[in-house]
Amino acid sequence: MRPVSAGRLRRAAYRSPSPSMAAVAPLARLVLSLLVLAAAVAPRPATGGTDPAAAIDAYVHAAQDVQHFQGTVLVARDGVPLLEKGYGLASRELGVPNTPATKHLIGSLTKQFTAAAILQLQERGLLSVQDPIAKHLPAWPRATAERVTIHQLLSHTAGIPSYTDDAVLMARRTVEITLDELCATFQDKPLDFEPGTSWSYSNSGYVILGRIIEAVSGETYEQYLRAHILDPAGMSDTGYSHLETIIPNRASGHVWRDGGWANAPRVAMSMPYAAGALHTTAADLLRWDQALYGETILSARSKEQMFTPVRQDYGYGQIIVERFGHREIMHAGGIDGFSAYLARYPDDRLTIIVLGNNESVPAYNIGMNIAAILFEQPYDLPATRTPVAIDPAVFARCVGDYELAPDFVISVRARDGRFFTQATGQPELEIFAISESEFYLQDVEARLSFQGDATGAVTGLILHQVGREMPARKIR
């Protein structure tokens, strides 16, 4: 992710796939997209030419010790791992460690495989990304089907409301649902905007894409991926993660909450479907990364379409930005108990893969700091902090709403002598004082520093996250 303005950081803080893009809608507990806020940190200088693998390993160990990260990390150059290692436990109940062979749910990393399937079908002449939904799903409600194209579904520019914003539906996410039942929860809803005129992250769009893949190919989504993408790429450890199937080396999903571990809910995979139902290993994601340099899976023309931003840095199932002066193609994913991140730097032939099975630690933040280490940029080394006591009456001047971007507000509140922050559409999180004007979040890499005028009135704040300073003005 490249240097950007606050306007492009609409959902940079808290949950989003990329702080360089304008926004991914928060997704209840079924997080099919990406990112939570991140922990108390100690600034760390660039590595200055030291062994990057050793620096990365030290950083991830610190994230494990302080933030409770657990998972697998793989960093490769030219397809050769510089570091490939498991951290923490794949199952806390059984005491089984994470290893490079551990399989993790990857949430919205699934979307790039769905996008690749659509592009393959286009190569075979079975569809065009400019086709309207109606051409392939004649039973879909006409008001939407004739106005929305496959291209718009792929790029989140269709305006179709995301079903993962439905709190009632998400409350039953552990219960199997048919594809017809899932589609019925959103197919008759009015569009959020005229297709093609704006951008909003929509898991519903990728569910529709999965349905189109099945209609056009005559295969189930799972069958299609296996035959045309996973097997040709040599990804034998990747698959559709049915709960009832015995899958050797499958990790359990966890959450660190209230100072202790808990099991995360087991989401029925019929709920995420083509938007987020795959599991994989770090090694298989490296195979996928390497396959995208050739034409076994996609032609050069299809890859150009996939990797060309449409709106808000988003192509087809991929986010394309510049970070630290280097072109980056990335996506992150999250689903109950898991967080995933895959970043490719094609001009440098570098790959960063982070698969975590503690949903409380966003893999995206880990991956961002790994990139900083690789490119010898400053990064944040997790460190334990001890909060200081401040007078709630002093904090009262900080209470209010702060606008980071036109549709993204950070609210600051006090309650019973404790202090809290909440971003638009996201959970409330407690903040702890470093001083009367600076606060940090426990177990996440972020700080809030409040800014005042000559009279002492608070006029704004700065969000410090993932090596960036993002100003927000106080609006009330």
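Computed quantities for the displayed model
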{"quantity": "Two-site label geometry, Ala54 and Thr220: point separation in nm, points 7 Å out along Cα→Cβ", "calculated": "5.0"}
{"quantity": "Cut-off 13 Å (backbone N to label point 7 Å along Cα→Cβ of Val96), residues of region 217-240", "calculated": "none"}
{"quantity": "Spin-label pair Asp453/Leu243, simplified geometry with 7 Å Cα→Cβ offset, distance in nm", "calculated": "5.4"}
{"quantity": "Tensor-based shape of region 265-376 (alpha-carbon gyration tensor, a/c under 1.5 rounded, otherwise prolate or oblate)", "calculated": "oblate"}
{"quantity": "Dipole in debye (nearest 20) - region 169-208, about Cα centre, beta carbon charges: Lys, Arg +1; Asp, Glu -1", "calculated": "160"}
{"quantity": "Accessible-area ranking of Glu295, Glu428, largest first, probe 1.4 Å", "calculated": "Glu295, Glu428"}
{"quantity": "Positive-pole candidate from Tyr293, Ala251, Ile320, dipole of region 250-347, charges at beta carbon", "calculated": "Ala251"}
{"quantity": "0 to 90° range, to nearest 10: angle between helix 363-374 axis and the chain longest Cα axis", "calculated": "80"}
{"quantity": "Where region 217-297 is the region considered: accessible area per residue in Å², 1.4 Å probe", "calculated": "40"}
{"quantity": "Dipole magnitude of the chain, debye to nearest 20 (Cβ charges: Lys/Arg +1, Asp/Glu -1, about Cα centre)", "calculated": "420"}
{"quantity": "Leu119 - accessible surface, heavy atoms, 1.4 Å probe, Å² rounded to 10", "calculated": "0"}
{"quantity": "Label point 7 Å beyond Cα of Ala414 along Cβ direction - residues of region 444-461 with amide nitrogen under 18 Å", "calculated": "448-453, 456-461"}
{"quantity": "Given charges at beta-carbon only (K, R positive; D, E negative), |dipole| of region 430-469 in Debye", "calculated": "100"}
{"quantity": "Part-to-part distance (alpha-carbon centres) for region 221-298 and region 308-375, which is given in Å", "calculated": "17"}
{"quantity": "Cβ-derived FRET efficiency at R0 51 Å, Val399 paired with Arg142, nearest 0.05", "calculated": "0.55"}
{"quantity": "Global geometry of region 304-353, whether rounded, prolate or oblate, following the gyration tensor of its Cα atoms and the 1.5 cut on a/c", "calculated": "oblate"}
{"quantity": "Degrees separating the helix 110-123 axis from the principal Cα axis of the chain, which is the longest one", "calculated": "30"}
{"quantity": "Solvent-accessible surface ranking, highest first, for Trp261, Trp256 at 1.4 angstrom", "calculated": "Trp261, Trp256"}
{"quantity": "Separation of alpha-carbon centers, region 408-453 and region 122-155, rounded to whole Å", "calculated": "43"}
{"quantity": "Region 236-298: trypsin sites (Lys or Arg not before Pro) in DSSP loop, at most 16 other beta carbons within 10 Å", "calculated": "Arg266"}
{"quantity": "Computed E for Asp166/Glu469 - FRET, C-beta separation, R0 25 angstrom, nearest 0.05", "calculated": "0.10"}
{"quantity": "Theoretical gain in end-to-end length, Asp347 to Thr174 [0.36 nm per residue, Cα-Cα removed]", "calculated": "58.1 nm"}
{"quantity": "Theoretical FRET efficiency, 1/(1+(r/R0)^6), r = Cβ-Cβ of Leu191 and Ala389, R0 56 Å, to 0.05", "calculated": "0.65"}
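The values are calculated or read from the model by the stated rules, or taken from the named source; none is laboratory data. Please read these numbers as outputs of a predicted model, since none were measured by experiment. When we count neighbours, we look across all protein chains shown, and the Cβ atoms used for this are built from the backbone with ideal geometry, even at glycine. Heavy atoms of the whole protein, side chains included, go into the accessibility calculation; ligands, DNA and RNA do not. Shrake-Rupley method; radii C 1.70, N 1.55, O 1.52, S 1.80 Å.
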